[in-house]
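Okay, structure first, notes after.
The values are calculated or read from the model by the stated rules, or taken from the named source; none is laboratory data. All values reported here derive from a predicted model rather than from experimental measurement. Every residue, glycine among them, receives a Cβ derived from its backbone with ideal geometry; neighbour counts consider all protein chains shown. For accessibility, only protein heavy atoms count, side chains too; no ligands or nucleic acids. Shrake-Rupley method; radii C 1.70, N 1.55, O 1.52, S 1.80 Å.
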Amino acid sequence: MESNKFAKLRQQFLCCYPVNKMAWSTLQLPLELEEQRALIAATCGHPLNQQYPVRRSYQEAFVKRLMHVLKDHDELHDDIYNSLCGQLAKTSLDAAPAPSIYAYKHYMLQSEEHITLRESTSFVCEGTTGLCTWEAALALADYLLEHPSLLEGKNVLELGAGTGLLGILLKHKALKLPVGQVVITDGSSACVKLMQENICLNFENDSDEATPKCAQLRWHEVKEFPWSQYAEPDLLLAADVIYDDTQFSSLLAALDFVYEMRSNRCEALLASTVRNVDTLHDFMVQLEQHGYQVTPCANVSCCKSHFCRDTTAAVQIVCIKRLN
């Protein structure tokens with residue numbers, strides 16, 4: 001009962017949702033000591049966080065904000081102080097070694113089902129931005145969950161998959177999505193290694209057919225990719241891959257190759273965080289110049305989202321087809 005009472009804060013904590021935007025207003029203050037204990041148990045003390053902890057600085061920030069929210073309380077439960085002191089003690093003990101550049105995030109799905117991802121604690125790491133999950137991937141995941149018919153019997157190829165969220169989601173056995181083979185790819189060897197680790201985290205005892213495939217695919221080397229080892233793709237996915245206009249020609253060449261290989265009997269869903277309107281527009285123009293038909297797709301509203309999404313920046317989703 002108590003865990004349901006704090007379900008939203010638990011969901012937000014486990015995926016490291018910004019502390020200043022968390023649903024603190026859902027707390028019915030004042031909180032009795034037992035309620036305070038239950039809140040800490042549902043967040044810092046959650047079994048997922050105990051086994052695969054979110055980044056230490058986030059846990060510290062969460063507890064400090066919680067103490068601020070409860071500042072008018074006469075008494076705070078010892079577990080709150082212990083949670084904060086535990087993080088500070090770890091920081092002190094680990095002062096000499098370099099801090100880990102990786103931590104975990106847990107994306108709660110229906111009931112107690114979840115996706116656990118090992119991610120970079122930094123936006124740019126090991127020469128790539130793909131080692132953490134970006135907002136556009138969550139938006140595209142929402143869109144696919146709201147429109148499962150798009151996946152019916154489709155073999156899926158993801159470009160620039162990063163941490164592997166979308167592919168892992170599509171093959172999650174609890175969701176029972178009607179998808180065929182799922183191949184998640186990235187040009188970065190560091191990303192491919194991370195995706196492999198995340199697949200192992202989420203598909204521990206599953207058969208090979210029940211898990212997403214993982215491979216390195218550099219767009220400018222698309223012709224050398226071992227296509228014969230995989231099913232022909234019917235649906236391409238890509239999230240947050242067009243922020244760098246120097247990569248446009250390589251991405252377009254990769255799309256051209258796949259569409260020609262499939263005699264245009266495939267389509268793509270592209271999700272992009274709108275950081276620079278001109279950059280986004282330029283890519284859409286180039287798509288049309290390459291003979292593609294681009295159709296905007298309606299985003300899933302925040303109230304229907306399956307994830308805790310930070311909607312500060314807009315995300316655009318488009319469907320890309322090519323007429324014969």
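Which aspartates and glutamates, if any, have their Cα less than 14 Å from the Cα of Lys5, not counting same-chain residues under 8 positions apart? Result set, ordered by chain and number: Glu32, Glu34, Glu35.
Normalising by residue count, the chain has a Cα convex hull of 143 Å³ per residue.
Any idea what the alpha-carbon Rg over 2.2 N^0.38 Å comes to for the stretch 151-190?
Values: Rg = 10.5 Å, N = 40, 2.2 N^0.38 = 8.9 Å.
In units of the globular-protein estimate, the stretch 151-190 measures up at 1.18.
Accessible surface area normalised per residue over the chain is 48 Å², counting heavy atoms of protein chains with a 1.4 Å rolling probe. Can you give me the Cα centroid spacing of the stretch 132-192 and the stretch 195-216 in angstrom? When both Cα centres are located, 12 Å separates them.
Under 5 Å from the amide H of His114 lie the amide H atoms of Leu109, each residue being 5 or more positions distant or on a separate chain, with H modelled from the backbone and absent for Pro and chain starts. Computed extension length for Asn205-Asp278: 21.7 nm, one decimal, from 0.36 nm per residue of separation with the Cα-Cα distance subtracted. Rolling a 1.4 Å probe over the protein heavy atoms leaves His114 with an accessible area of roughly 60 Å². The H on the amide N of Gln293, modeled in the peptide plane, is under 5 Å from the matching H of Lys321, Arg322, Leu323, each at least 5 residues off or on a different chain. For the pair Glu288 and Cys85, label points projected 7 Å from Cα toward Cβ lie 6.4 nm apart. Label sites at Gln51 and Thr246, each approximated as a point 7 angstrom past Cα along Cα to Cβ, lie 4.2 nm apart.
Taking amide H positions as modeled 1.01 Å from N, with prolines and chain starts lacking one, the residues under 5 Å from Ile184 and 5 or more places away or on another chain are Glu158, Lys213, Cys214, Ala215.
Taking only DSSP H segments of four or more residues, each worth -39500 (n - 2.57), what value at 222 nm results for the chain once the sum is divided by all its residues, to the nearest 500 deg cm²/dmol? So the helix-based figure for the chain works out to -10500 deg cm²/dmol.
Pairs of alpha-carbon atoms within less than 8 angstrom and 6+ residues apart define the contacts here; what relative contact order does the chain have, in percent? Mind dumping the intermediate values first?
Details: 503 pairs, mean separation 48.0, N = 324.
Computed value for the chain: 15 percent relative contact order.
Tyr58 contributes about 10 Å² of solvent-accessible surface, heavy atoms of the protein only, 1.4 Å probe. Accessible area per residue was computed with a 1.4 Å probe on protein heavy atoms; Lys64 scores about 110 Å².
By the Cα gyration tensor, the stretch 215-324 has an equivalent ellipsoid whose semi-axes, rounded to whole angstrom, run 25, 16, 14 from largest to smallest. In this simple spin-label model, placing a label point 7 Å from the Cα along the Cα-to-Cβ direction at both Ala23 and Glu152 gives a separation of 3.3 nm.
Dividing the Cα radius of gyration of the stretch 1-83 by its Kirkwood radius returns 0.91 for Rg/Rh.
A Förster radius of 22 Å combined with the Cβ-Cβ distance from Lys5 to His73 puts the calculated FRET efficiency at roughly 0.80.
For the chain, give the share of DSSP beta bridges that are antiparallel, in percent and rounded to the nearest 5; count only bridges with both residues there. Before the final figure, lay out each step's value.
Numbers: 20 of 36 bridges.
Given both bridge residues lie in the chain, the antiparallel proportion sits at roughly 55 percent.
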